[in-house]
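This report refers to the structure that appears directly beneath it.
The values are calculated or read from the model by the stated rules, or taken from the named source; none is laboratory data. Computed from a predicted model, the values in this text were never measured in an experiment. Cβ: placed from backbone, ideal geometry, glycine included. Neighbour counts: every protein chain shown. Protein only, heavy atoms only, side chains kept; ligands, DNA and RNA dropped before computing areas. Shrake-Rupley method; radii C 1.70, N 1.55, O 1.52, S 1.80 Å.
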Amino acid sequence: MNATTPQLTTSALTAHPEHSAESPLSVHALTVAYHRKPVLWDVDFDVPPASLMAIVGPNGAGKSTLIKACLGLIPAAAGEVEFWGEPLRRARSRIGYVPQRESVDWDFPVSALDVVCMGRYRKVGWLRRVSKTHKAAAMACLERVGMKELSHRQIGKLSGGQQQRVFLARALAQEAELYFMDEPFAGVDAATERAIIGVLRDLQREGKTIICVHHDLQTVGSYFDYALLLNMRVVAVGPTSQTLTQENLVKSYGGRLTLLEQAGEAIAQMGPTR
Amino acid sequence: MSEAWHHFIAGDLVALLSCTLAVVTCGVLGSYLVLKRESLMGDAISHAVLPGLVVAFMISQSRAPVPMFIGAGIAAGLTVLLTMLVRRWGGVEPGAAMGVVFSVMFALGVYLIESEALRDIDLDASCVLYGQVEYLVWWDAPKDPSAYLKLATYTDTDIPPALWALGAIFVIAVAFVAAFFKELRITTFDPQMARAAGIPAWLVQGALVLLVALAVVASFQAIGSILVIAMLICPAATARMLTDRLGTQIMLAGLVAGLCAIAGYFAGAKLPTALGAEHALNIAGMITVVAGLVFGLVCFASPSHGFIARAVRQRRLAERIAIEDLLGLLYRSAEAGETFVPIQPMHAAGMPVARATKLGLVRAEASKLGLTDSGRERAEGLIRRHRLWEGYLVERAGLRPDHVHATAELLEHVDQPAAIPTQSGDLDPHGKAIPPGPETDAESP
Amino acid sequence: MNADTTSLLGILQKTIVELPKLFTGQASNTTVVVVASGLFGVAAGLVGVFALLRKRSLTADAIGHATLPGVAGAFIVGTMLGVPVREGPWLLVGAALAGALGAWMIQLIAHRTRLREDAAIGIVLSVFFGVGVVLLGVVQNMESGTQGGLATFIFGHTASMLAADARAMGFIALFVLIVTFVLRKQLTLVCFNDTYARATGWPVQIVDLLLLGLIIVVSVAGLRAVGLLLVVAMITIPPAAARFWSDHLGRIVAISAVIGGVSGSIGTAMSALAPGRPAGAVIVLTAGSLFALSMLCAPRRGIIAGAVGRVRSRVRILTDHTIETLWEHSEEGTSPNIGPVRNLPHGIKGRLVFLLLRVRGYVRSIGDAYMLTPAGLAEGARLNRNHRLWSAYLTTHADIAPSHVDWSVDQVEHVLSDELVQKLERIVELEDAGA
């Protein structure tokens, strides 16, 4: 500590952020505040390419906020977000987003196929109709999530799991390289959970990057290879086995130990990651 | 041309066309408001354009459409902006924010309209409120039928300008909805996703609001600004009760609106005198009443979402459950060795014996009741589901065997294959045999 | 009394002077109307708070519009039966019945069909009004050209209000006031947390119905003063304005009642000066001005206070961040021109931040580079300490910490107890020792 000795220090003003062109997402000092309360504070992390990353943390840790701030849906008080070293506006077409299931009105008069076609709208462009090719591509995405038979059903008549699959298919239809998903496993049945994780792994194999807000500590280890432990600040980030240590979990979840013990066991069983 | 026809063209045609155009435009645009759950945006705008109209009127000293549209457009924009301001910055709940803004704007309009400057001019509050469709007449409509084939007839005679304004708005609205159908769909359904994908939701929805405002202004002379609300909401709500497709919803809303306009027009303008009354009724009011009646009717009679259809479905379900309970009873007693059971107690318990007999599921033999072959088949499926559920609840949900019967009794009536537990043994938790499934019953993935 | 009745102050003065005469029945017409409108404003402000909390503000709009067919219908039926409808409560009874019917239909549509409350309100509001307009036309024909004075119900007209009407309005308002006061506990509970209220056995539905009933009664009471199109304003605006001044329900209720009362009486007094002006509009514009004033100027929740706070907190985040980053680099013993430092604000934003820091004396510039002054170093140390203590707090009390962290405080001690801060300091020391 030399701060006690009065000594002048200097630093360059022209601060170029270090570009990490190969990292699909790098977040620097991102701060989001609601009035005087911070929601995210000095969040800093990079996501390696082709990773399947979970954002984990207790309620109110700012997980959804982080995703929304990255996508520019809520304004950040400070900090920078870069995609492949470029600002959001230049990278938008390469990014897909799956919002929380509760965020839309499922009574809306559209069919599953209509919803998936929405993923193609940007590719279709203004003033043009969704062509047969685009519809076929959307259909292929539905098939990939096992929903081909229900493509013409009104979305409100699908089960929760099926709705989530439709959302996933819509993200697939965007043909993005980086996907943000907000709680894709919330309130879905076991079969859908398996189907979704299968698709996510396929995407990862294709070299795409997936970032999910995830709430189930027990499955983080088996589903994701990279994790960000968040509690307003980044508690830990890195490969799942190194991130989700007992110590880190205590740091972000506080004293809720029964849950943590379970998670600890799950991680212990997992062994070294690939 | 007969006198009656000429009378109709000169006295009614323009009014009828104006009403229809106004109402169809509102019906088409209103669907989006209803779907966004912002029906009251129409309410707010149609109240709030009043000061814009009055100020435009004061400045231009005429009822020319262009200044009116500009004034109303500014007022509508201001309303939306102020509502957002009050909501966001003031933290006021959305409904209340809207209420505050539009009522103050409306009060301002009412205040101005009654002010000295406008006292002697023919713009009064009631005309803005409930329209003056009766004034939309084509005084100098030609009597000669061949004149209608000449363009000059339409340019040189005194067709009320309101008709042209309404026609223009109608074309613009329909073109807008057709051209930006998919943008409107995504920004209405999932604005967050739209924004994340770089589609400017605010621009698309803002244009929609502006169009609503223009439609409100164009319509105010024909149907009055308050009754515009009815047309923005009622036809759209009616269509909402009938369909689950967006395209159909919008076309249906337009169609319903058009029919309401025509029916309401004649009900207001012609019916009372035809019935011997001295005066006609207010046409705009009658159109609204017809729209309300149509909505009420559809609420009851819609095949998919109506009260009646829902009640019938519920009754059918109740009946099916009652019959299945009867079949289950007979099956269990057959298992216990008693194939035929006395009818009387079952009648007394209100079981649908007659209905089940009619369906050929059970047959009576000497005041006793037994299962037919088809009845047995259905009962097997039912008992199978019941016992599979009991097994599931004990093994997977960890309930005690003596606690699962009631739950299984409910779940047994669900017969979609995907919602039946897989078989893990031949016996249920109570040691009873699980009847075999229809086939080997492989689990569908 | 020879008060000057051509100015606003004169009328208000006269009203106050004549107050005692209200009880002996000798007060002038204007006084009665001003006092009654004030009472109506108070009642609307009171009921409005609960309507706002229960998200029923726009239901009030529908109820207001729905009274029109009631008024016109009562007029037609009464005239046919030969009852002198314009005197006595018949028109108001009709209005109340129609309002209740409208409220019931809103519930029916919102709960029994797939449509939501917004559409239900819109449908009821417009269709009822449409029926009213048709009936009004019938009245006009019956009365050969006039609307039987019913148009005053649409826009409100205090100038033509009879003392008897004003008294009726005053009494209804008084009644609403008393009922609301008696039921304040129940209303509060139901508005605050209806699931809890239901779970603990409160008859939520009955309280809800009562609230709806109160809204209807208030709307009917205000018909003659502000008119049926604008009653919603008196139920919505005062509570929305009061909300800016306090977070405490009791105070909100009181402020809302005051705003309502002031708007009602002053608005009426002003419209008495220019009898041609529609009183309803003047009353609502008065309330609207009070709302605008509240929204702009209220301390803490007002727009100006909020905007100032937001800008300050943003500037603070940026400057704090910059100082701390510089301080961290100094800590590492780096020399000037250490090259690009990630995370420092740059561009115009950066220039402004450094300008501000220079003005505050935390930073000095040397050529292209900046350095911290001794004051800046001290500030950096303070920030860093806070920062690290907050971090320690976040990790040791992870479950509760996020709701307590507040970086705008100068010292952690302002939020956390001394004892806790000492504990956190030990943790930080341990971390340093470990590193």
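With a 1.4 Å probe, what is the total accessible area buried between chains A and C, in Å² rounded to the nearest 100? Intermediate values should be presented prior to the final figure.
Details: alone 14680 and 23180 Å², together 33650 Å².
By this definition, chains A and C bury close to 4200 Å².
If you wrap a convex hull around the alpha carbons of segment B:310-371, what volume per residue comes out, as a whole number of Å³? Write out the running numbers ahead of the final one.
Details: hull volume 4.4 nm³, N = 62.
So the per-residue hull volume is 71 Å³.
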Please give the calculated 222 nm ellipticity per residue for chain B, where each DSSP H segment of at least 4 residues contributes -39500 (n - 2.57) and the sum is spread over every residue; nearest 500 deg cm²/dmol? -21500 deg cm²/dmol
For the pairing of chain B with chain C, what total accessible surface becomes buried, with a 1.4 angstrom probe, in square angstrom to the nearest 100? 4600 Å²
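In Å², rounded to the nearest 100, what is the total accessible surface buried by chains A and B against each other with a 1.4 Å probe?
Details: alone 14680 and 23490 Å², together 35360 Å².
The A and B chains share an interface burying roughly 2800 Å².
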Label point distance in nm, C:VAL359-B:SER424, each placed 7 Å from Cα along Cα→Cβ: 7.2 nm
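To the nearest whole number, what is the average tally of beta carbon atoms from other chains within 10 Å of the beta carbons of peptide C:103-115?
Numbers: counts 0, 0, 2, 0, 0, 2, 4, 0, 0, 3, 11, 9, 13.
Going residue by residue through C:103-115 and averaging, the value is 3.
Just counting partner chain Cβ atoms within 10 Å, what average do the residues of peptide C:310-320 show around their Cβ?
On the way: counts 5, 0, 1, 6, 5, 0, 3, 9, 3, 0, 1.
Per-residue shielding by partner chains comes out at 3.
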Separation of the B:GLN344 and B:ALA366 label points, Cα + 7 Å toward Cβ, nm: 1.6 nm
Based on the mean of other beta carbon atoms within 10 Å per residue, what is the order of B:142-148, B:195-201, most packed first? B:195-201, B:142-148
Just to confirm my numbers, what's the Cα centroid distance between segment A:198-255 and segment B:126-187 in Å? 61 Å
To the nearest 0.05, how large is the calculated FRET efficiency for B:ASP156 and B:GLN61 if R₀ is 41 Å and r is the Cβ-Cβ distance? 0.95
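Among B:VAL66, B:VAL404, A:VAL188, what's the order by accessible area (1.4 angstrom probe), most exposed first? Could you put the intermediate results ahead of the total?
Details: B:VAL66 95, B:VAL404 0, A:VAL188 25 Å².
From most accessible down to least: B:VAL66, A:VAL188, B:VAL404.
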Peptides A:125-138, A:230-243: what's the order by average Cβ count within 10 Å, highest mean first? A:230-243, A:125-138
Hey, can you find the accessible area per residue of segment B:310-371 for me, probe 1.4 Å, expressed in square angstrom? 59 Å²
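Assuming R0 = 22 Å, what is the FRET efficiency of C:ILE206 and C:HIS111, from their Cβ-Cβ distance, to the nearest 0.05? Intermediate values should be presented prior to the final figure.
Working: r = 17 Å, r/R0 = 0.76.
Calculated transfer efficiency: 0.85.
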Could you check which residue among C:VAL204, C:VAL258, C:VAL83 shows the biggest mean-square fluctuation in a GNM of chain C with a 10 Å Cα cutoff? C:VAL83
Segment B:191-232 and segment C:94-139: distance between their alpha carbon centers, rounded to Å: 23 Å
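How large a share of the accessible area of segment C:8-299, in percent, is made up of carbon and sulfur atoms when the probe is 1.4 Å and the other protein chains stay in place? Don't jump to the answer; show the numbers that get you there.
Numbers: 7760 of 11020 Å².
The C+S portion of the solvent-accessible surface of segment C:8-299 is 70 percent.
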How far apart, in nm, are two points set 7 Å out from the Cα along the Cα-to-Cβ line at C:TRP104 and at B:LEU271? 2.4 nm
With a 10 Å cut-off between alpha carbons and a GNM built on chain B, which of B:LEU399, B:LEU327, B:LEU50 moves the most? B:LEU399
Can you bin every Cα-Cα distance in the protein assembly as shown into 10 Å intervals starting at zero and give me the percent of pairs per bin, rounded to whole numbers? 2, 8, 14, 17, 18, 16, 13, 8, 3, 1, 0, 0
Interface residues in segment C:44-64 - accessible area drops by 20 Å² or more relative to the isolated chain, probe 1.4 Å: C:LEU52, C:LYS55, C:LEU58, C:ASP61
At 1.4 Å probe size, what's the solvent-accessible area of A:LEU25? Round to the nearest 10 Å². 0 Å²
Accessible area expressed per residue, chain C, with surrounding protein chains retained (probe 1.4 Å, Å²): 43 Å²
Mean Cβ-within-10 Å packing, highest first, puts peptides B:263-272, B:250-259, A:197-206 in the order B:250-259, B:263-272, A:197-206
Expressed as a whole percentage, what fraction of the accessible surface of segment B:136-293 belongs to carbon and sulfur atoms when a 1.4 Å probe is rolled over the protein heavy atoms? 74 percent
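Per-residue mean of other chain beta-carbon atoms within 10 angstrom of the beta-carbon, peptide A:115-122?
On the way: counts 5, 0, 3, 10, 3, 1, 10, 5.
Partner Cβ neighbours, averaged per residue: 5.
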Comparing C:ALA98, C:ALA43, C:ALA381, which has the greatest mean-square fluctuation in the GNM of chain C with Cα pairs linked when under 10 Å apart? C:ALA381
